[in-house]
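Novice: Here it is, the structure, as structure tokens.
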Amino acid sequence: MLVRSSFQIQRIAARSFATAANTATRIQLSQPRQPTVVKPTRDQLSLLDERNLERAVRAIHEDGLVVVENVISHDVIDRLNEKMIQDALVLQARGKDGPFNYNQGNLQQDPPPVAEHFHPSIFLNPIATQITSAILGPKPKWTFCSANAAMPPLPGAEPQRQPVHSDADFAHPSHPFALVVNVPLVTMRPENGSTEVWLGTHTGNITQQEGSHGDRASGRIKEELLKKQTERDPPTQPIIPKGSIIVRDLRLWHAGMPNKTDQVRIMLAMIHFASWYRNPMRLEFSDDIKPIIENLDCQGKLEVQVPIEWATRKRALQSYLDRGFGNSYDFNQAL
Ligand SMILES: O=C(O)CCC(=O)C(=O)O
Ligand SMILES: [Fe+2]
């Protein structure tokens, strides 16, 4: 009969625990690296404390991306989402004439630029600006305000993914110059087309890309580079809870993914450029938003430059769904 001393039993137990731990580590190591998530405490609802700001700044320098959870209240997001889903269906019905990005399942869609849908906690979020100005310098310029709708496939169509690309599809600085503030209007998951992100790829340059600026499919990353990068640090489709913001370096490799659910997935995209970067674009908003922005400015809470073409409410409502697809915008500098 095999009799083991309690010491032997402890050693066997310790060994099998170590084996399980090694397996767990291996499983973890084979999972793609996930983005840094900053979780502000209740007293940091309008500004991060120093430690959390440091975490965000480090993640953007090292990975080109950070997620900050619990920043925007769900009720304001839900109200905007309801309106934008209706608009997304209008744009989807335009088919090949619509503002789609790479394939018809992903639409470039501006939010309605009128006062009742303009909530500063979404569009001028103080934590978003705190992070972008910590990286880009004071008073970054906000010149792009749009969204991407990952559409459920139409009957008979297969949902498609976008090619991996950089939105900086032109010769650009090798240091941070533009950050995209993404606000998902629903929780993003792999099933509904959470954006695929390639952490740490934000220091590349135009020679890595195929397609020229202005083409529908510009900014595509070359296949051999994708292979090498997959071996080094594979991409991931993170779960991003509703209420979060994502701050992403414009240069980072990423791809819009198929939405396999029956719910539209909208993600706002606002670009902040460094104040020294000569991007000449201007926002176009209804003039009923002017008092909201002036009020923030009077309170010293407007921490971005906002070059805006003010339009009458009627004109703003008539034109906001007639803008171009993503790569038709020019994020380059003026000469
Ligand atoms: O919708 C997304 O998740 C990303 C879309 C995108 O990257 C683009 O259209 O350039
Ligand atoms: Fe993109």
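Values in this text are rule-based calculations from the coordinates and carry no lab data. Keep in mind it's a predicted model, so treat the numbers as computed, not measured. When we count neighbours, we look across all protein chains shown, and the Cβ atoms used for this are built from the backbone with ideal geometry, even at glycine.
Novice: Taking the condition of being surrounded by 14 or more Cβ atoms within 10 Å (Cβ to Cβ) and part of a loop (DSSP other than H, G, I, E, B), how many residues in the range 74-93 meet it?
Specialist: Matching residues across the range 74-93 total 0.
Novice: Tally up the residues in the range 281-306 that are part of a loop (DSSP other than H, G, I, E, B) and either within 16 Å of ligand 1 (Cβ to nearest atom) or in contact with a strand residue (DSSP E or B) (Cβ under 6 Å, 6 or more places away or on another chain) (or both), please. Walk me through it before giving the result.
Specialist: Let us first name the residues in the range 281-306 that are part of a loop (DSSP other than H, G, I, E, B), namely 281-282, 299-304, 306.
Add one more test, that the residue is either within 16 Å of ligand 1 (Cβ to nearest atom) or in contact with a strand residue (DSSP E or B) (Cβ under 6 Å, 6 or more places away or on another chain) (or both), and what stays is 281-282, 304, 306.
Adding up the residues that qualify gives 4.
Novice: Restricting to the range 173-191, give me the number of residues that are surrounded by 21 or more Cβ atoms within 10 Å (Cβ to Cβ) and not in a loop (DSSP other than H, G, I, E, B).
Specialist: Summing the residues that are surrounded by 21 or more Cβ atoms within 10 Å (Cβ to Cβ) and not in a loop (DSSP other than H, G, I, E, B) in the range 173-191 gives 8.
Novice: Within the range 239-268, which residues are away from ligand 1 (no atom under 11 Å from the Cβ) and farther than 25 Å from residue 119 by Cβ?
Specialist: Passing the criteria: 249, 251, 260, 261, 262.
Novice: Moving on. Tell me which residues, restricted to the range 140-158, are in a loop (DSSP other than H, G, I, E, B), surrounded by 15 or more Cβ atoms within 10 Å (Cβ to Cβ) and away from ligand 2 (no atom under 16 Å from the Cβ).
Specialist: Residues satisfying the conditions are 140, 152, 153.
Novice: I'd like the full set of residues that are within 16 Å of ligand 2 (Cβ to nearest atom) and among the charged types (D, E, K, R), limited to the range 304-327. Steps first, answer last, please.
Specialist: Initially, the range 304-327 is screened for residues within 16 Å of ligand 2 (Cβ to nearest atom), giving 323-327.
Listed by number, the list holds a single entry, 323.
Novice: Just to be sure before I move on: is residue 215 of a type in the set (Asp, Glu) and within 15 Å of ligand 1 (Cβ to nearest atom) in the structure I sent?
Specialist: The answer is yes for residue 215.
Novice: Restricting to the range 56-103, what's the tally of residues that are in contact with a Gly (Cβ under 7 Å, 6 or more places away or on another chain) and free of Cβ contacts under 8 Å to residues at least 60 places away in the same chain?
Specialist: Result for the range 56-103: 0.
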